[in-house]
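Asker: Take a look at this one; I'll ask things after.
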Amino acid sequence: AGGVLMLAACVLFWHGQYLVGLAWGWVMTLLDTVDGKLARVTVQSSRCGHVLDHGMDIVHPPFWYVLWGRGLGVDAVAGWPLAILDWTLVAAYLGGRAVEGVFPVLGRCSVFAWRPFDAYVRLVTARRNPCLIILTVATLAGVPAWGYLGVVGWSVFSTALLVLRLVQAAWARLAGAPLASWLHEADAASRYPRAY
């Protein structure tokens with residue numbers, strides 16, 4: 001069902017039917033949030049379900065955003081050529097995912113689990129849910145083009161922040177400090193309750 005809704009949102013965004021596309025996108029997001037919890041509660045999983053869930057999560061966001069931009073029916077947004085915005089968005093998305101993939105090479109943690117600050121970054125980094133909020137607010141305000149521009153900008157900012165954290169982690173690793181998640185600290189929950 002999530003896959004069908006994801007594809008429906010793609011088509012609707014491409015045709016500029018943003019409100020209906022957002023509705024399907026949010027329902028798909030809800031199902032995506034619930035499916036893992038349901039699998040854990042019922043103690044059921046499958047390799048196919050795992051691949052479909054995570055594969056879809058990784059692949060669809062840049063398609064949604066680029067198709068959103070195409071649905072605007074314009075050549076430029078705020079003076080920026082749509083093609084440049086598309087490539088910038090895709091590069092930022094892939095760059096962020098690359099940092100997430102490379103970071104564990106430096107130590108035994110993900111980029112979002114290194115320090116408490118990174119736990120907060122995970123909540124707002126340019127992934128589907130924060131970007132859907134940007135697109136929804138802009139569409140409800142009657143400026144879907146600004147939503148697209150907002151997603152591009154937020155993606156660039158988020159990826160730049162992740163690259164900075166990767167550089168800081170590499171520097172710490174070169175200085176000899178072993179990288180480990182703050183979550184492994186015995187008093188992590190009491191020292192950083194909100195991040196925990």
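Asker: Would you please name the residue that is most open to solvent (accessible area, probe 1.4 Å), looking only at residues in the range 126-146 that are among the small types (Gly, Ala, Ser) and over 20 Å from residue 59 (Cα atoms)?
Answerer: 141
Asker: For the condition more than 20 Å from the chain's Cα centre (by Cα) and surrounded by fewer than 16 Cβ atoms within 10 Å (Cβ to Cβ), what is the one hit in 79, 55?
Answerer: 79
Asker: For residue 152, state whether it is open to solvent by 40 Å² or more (accessible area, probe 1.4 Å) and on the phi < 0 side of the Ramachandran plot. If you could, list the steps in order and put the result at the bottom.
Answerer: On the way: open to solvent by 40 Å² or more (accessible area, probe 1.4 Å): no; on the phi < 0 side of the Ramachandran plot: yes.
Judged against the criteria, residue 152 is not a match.
Asker: Among 67, 19, which is the only one that is open to solvent by 60 Å² or more (accessible area, probe 1.4 Å) and out of contact with any Gly (no Cβ under 8 Å at 6 or more places or on another chain)?
Answerer: 19
Asker: Whether any residue in the range 134-142 is closer than 19 Å to residue 96 by Cβ, touching a helix residue (DSSP H, G or I) at 6+ places or on another chain (Cβ under 6 Å) and modelled with pLDDT of 95 or more is what I want to check.
Answerer: yes
Asker: In addition: How about the range 105-125: which of its residues are closer than 15 Å to residue 170 by Cα and either open to solvent by 60 Å² or more (accessible area, probe 1.4 Å) or among the basic types (Lys, Arg) (or both)?
Answerer: Correct list: 105, 108, 115.
Asker: Identify, please: which residue in the range 164-196 is surrounded by 15 or more Cβ atoms within 10 Å (Cβ to Cβ) and aliphatic (A, V, I, L, M) and is, among those, nearest to the chain's Cα centre (by Cα)?
Answerer: Here the residue is 166.
Asker: Would you check if residue 36 is over 14 Å from residue 129 (Cα atoms) and in contact with a strand residue (DSSP E or B) (Cβ under 8 Å, 6 or more places away or on another chain)?
Answerer: Against the criterion (over 14 Å from residue 129 (Cα atoms) and in contact with a strand residue (DSSP E or B) (Cβ under 8 Å, 6 or more places away or on another chain)), residue 36 does not qualify.
Asker: I've got another one for you. Which condition from (1) in contact (Cβ under 8 Å) with a residue 24 or more places away in the chain; (2) out of contact with any Cys (no Cβ under 6 Å at 6 or more places or on another chain); (3) of a type outside the set (A, V, I, L, M) is the one that residue 181 breaks?
Answerer: (2)
The values are calculated or read from the model by the stated rules, or taken from the named source; none is laboratory data. Quantities reported herein were computed from a predicted structural model and do not represent experimental measurements. As a convention, Cβ positions derive from the backbone with ideal geometry for all residues, glycine included, and neighbour counts pool all protein chains shown. With ligands, DNA and RNA removed, areas are computed over all heavy atoms of the protein, side chains included. Shrake-Rupley method; radii C 1.70, N 1.55, O 1.52, S 1.80 Å.
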